[in-house]
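The values are calculated or read from the model by the stated rules, or taken from the named source; none is laboratory data. Since this is a predicted model, take the numbers as computed values, not measurements. All Cβ positions, even for glycine, are placed from backbone atoms using ideal geometry, and neighbour counts span all protein chains on display. The area values use the complete protein model at the heavy-atom level, side chains included, leaving out ligands, DNA and RNA. Shrake-Rupley method; radii C 1.70, N 1.55, O 1.52, S 1.80 Å.
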Amino acid sequence: MSASTPQVLRPDRKKHRIGYNIAGLVAFVLMAFPVYWLVISSLRPNAEIRSYDQTLWPSSITFDNFSRAINQPNFGTAIESSLIVCGVAVLGGMLLATIAAFAIGRFRFRGRKFFMIVLLVVQLLPPTAMLIPIYIQLNDLGGLNEYWGVIVIYLVSTLPFATWMIRGFVINIPPELEESAMVDGCSRMGAFWRVTFPLLAPGLAAASIFSLITAWNEYLLAYVVLQDNDKYTLNVWLMNFTTSRGIDYGALMAASTMIAIPVVAFFLLVQKYMATGLTSGAVKG
């Protein structure tokens, strides 16, 4: 048979492929529809949002909801707070996770396996389950109503998974590359920063998007720790749309849409590295 002859699928395989395609399409619709409804609701007039007769497309499009959201008090300070808290937490977490992952992946030491198990066990514990101990400790340390208090919580809550993910990528980088750099005169840390660290870009991208999404979407801990309106992060700031007179659904949907834009933009920038990092870190370990 010629190599150029097209492959003919058997009827049973063709049916399976059609079934998988339909299942994938249904899953996509189920996941995408809430996002679609969020964006469409942000463009609907408020009267239409409160109407019982809902349609998939608004009868008229308005940007008044975005105007009311932007003009809401403390919008600028909420953006600043979210950028400071999430930016520092992600950068600090990636630095510590990379160093810890390199140590676990490259060196053999007593308690290494136990430490890796502890990382997984800690990741299984939701931070909200430890809310009271965290609050007491931050109160004793003077971290309540301070940015660094929230930063520490976010950093610690994402550090175990990020370490585990980057560690899976470290062990796939041949140690001979570092040894060659050390033969040429680099120190151990010099070989790491000049040779290994650039090759960890896909793993760092995958871990950073996870850490950013976790920190950016968190609400309860920020609400408990930060007590001043001018220090609230964006998710806590959304409470301003719920008042004793009711909920401004249009402005709330518009604000939620704007809040999602930075994470989506960051994901689009690192998506190719993220896919590579997820697959490479899962090959062996």
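Which residue, Ile134, Leu30, Pro174, has the largest displacement toward the positive end of the dipole of the chain when charges sit on each Cβ (Lys, Arg +1; Asp, Glu -1)?
Final value for the positive-end residue is Pro174.
Excluding the sites themselves, what is the longest stretch of the chain that contains no trypsin sites (Lys or Arg not before Pro) in a DSSP loop with at most 16 other C-beta atoms within 10 Å? Walk me through the numbers before you get to the answer.
Values: sites that count: Arg50, Arg108, Arg110, Arg245, Lys284.
Excluding the exposed sites themselves, the longest stretch runs over 111-244.
Can you compute the equivalent ellipsoid semi-axes for region 13-61, i.e. the square root of 5 times each eigenvalue of the Cα gyration tensor, sorted largest first and rounded to whole Å?
Values: eigenvalues 227, 17, 11 Å².
For region 13-61, the ellipsoid semi-axes come out as 34, 9, 8 Å.
Rounded if a/c is under 1.5, else prolate if a/b is larger than b/c, else oblate: which is the chain, with a ≥ b ≥ c the root eigenvalues of its Cα gyration tensor?
It is oblate, given that a/c is not under 1.5 and a/b is not larger than b/c.
For region 13-61, what does the accessible surface come to per residue with a 1.4 Å probe? Please give it in Å².
Values: 3930 Å² over 49 residues.
That works out to 80 Å² for each residue.
Could you size up the charge dipole of region 124-237 around its Cα centre, putting +1 on the beta carbon of Lys and Arg and -1 on that of Asp and Glu, and report it in debye to the nearest 20?
Details: 4 positive and 9 negative charges, 28 e Å.
The dipole of region 124-237 has a size of about 140 debye.
For the chain, with the dipole built from +1 on Lys and Arg beta-carbon atoms and -1 on Asp and Glu ones, taken about the Cα centre, which of Ile247, Gly105, Ile261 lies farthest toward the positive end?
Highest projection toward the positive end goes to Gly105.
Full extension from Val156 to Glu179: what is 0.36 nm times the residue separation minus their Cα-Cα distance, to one decimal in nm?
On the way: separation 23, 0.36 × 23 = 8.28 nm, distance 3.21 nm.
5.1 nm is the gain from fully extending Val156 to Glu179.
Using a Gaussian network model of the chain whose springs link C-alpha atoms within less than 10 Å, name the residue from Pro45, Pro58, Pro174 with the highest mean-square fluctuation.
Pro174
Anyone know which of Leu200, Leu120, Leu56 comes out most mobile in the 10 Å Cα GNM of the chain?
Greatest mean-square fluctuation among the candidates belongs to Leu56.
Rounded, prolate or oblate: which fits region 1-157 when a ≥ b ≥ c are the square roots of the eigenvalues of the alpha-carbon gyration tensor, with rounded for a/c under 1.5 and prolate only if a/b beats b/c? Working shown, then result.
Working: a/c = 2.69, a/b = 1.11, b/c = 2.41.
Since a/c reaches 1.5 but b/c is at least a/b, the shape of region 1-157 is classed as oblate.
Efficiency by 1/(1 + (r/R0)^6): what FRET value for Met189 and Phe267, r their Cβ-Cβ distance, R0 = 30 Å, to the nearest 0.05? Walk me through the numbers on the way to the answer.
Working: r = 31 Å, r/R0 = 1.04.
Approximately 0.45, to the nearest 0.05.
Assign one of three labels to region 88-128, namely rounded, prolate or oblate, based on the Cα gyration tensor with a ≥ b ≥ c the square roots of its eigenvalues; rounded applies when a/c is under 1.5, prolate when it is not and a/b is larger than b/c, and oblate otherwise.
Numbers: a/c = 4.00, a/b = 1.18, b/c = 3.39.
Here region 88-128 falls in the oblate category.
Assign unit charges at the C-beta atoms only (+1 for Lys and Arg, -1 for Asp and Glu), then state the dipole size of the chain relative to its Cα centre in Debye, rounded to the nearest 20.
On the way: 20 positive and 15 negative charges, 269 e Å.
Dipole magnitude for the chain comes out near 1280 debye.
Between Ala207, Ala27, Ala215, where does the largest GNM mean-square fluctuation fall for the chain, given springs only between Cα atoms within less than 10 Å?
In this elastic network of the chain, the residue with the biggest mean-square fluctuation among Ala207, Ala27, Ala215 is Ala27.
Projected onto the charge dipole of the chain (+1 at Lys/Arg Cβ, -1 at Asp/Glu Cβ, origin at the Cα centre), which of Tyr147, Tyr219, Ser208 gives the Cα projection farthest towards the positive end?
Selected residue: Ser208.
When the helix-only estimate is applied to the chain (DSSP H runs of n ≥ 4, each -39,500 (n - 2.57), divided by the residue count), what is the mean residue ellipticity at 222 nm, nearest 500 deg cm²/dmol? Intermediate results must be reported in sequence, preceding the final value.
Numbers: 13 runs with 195 residues, N = 285.
That comes out to -22500 deg cm²/dmol.
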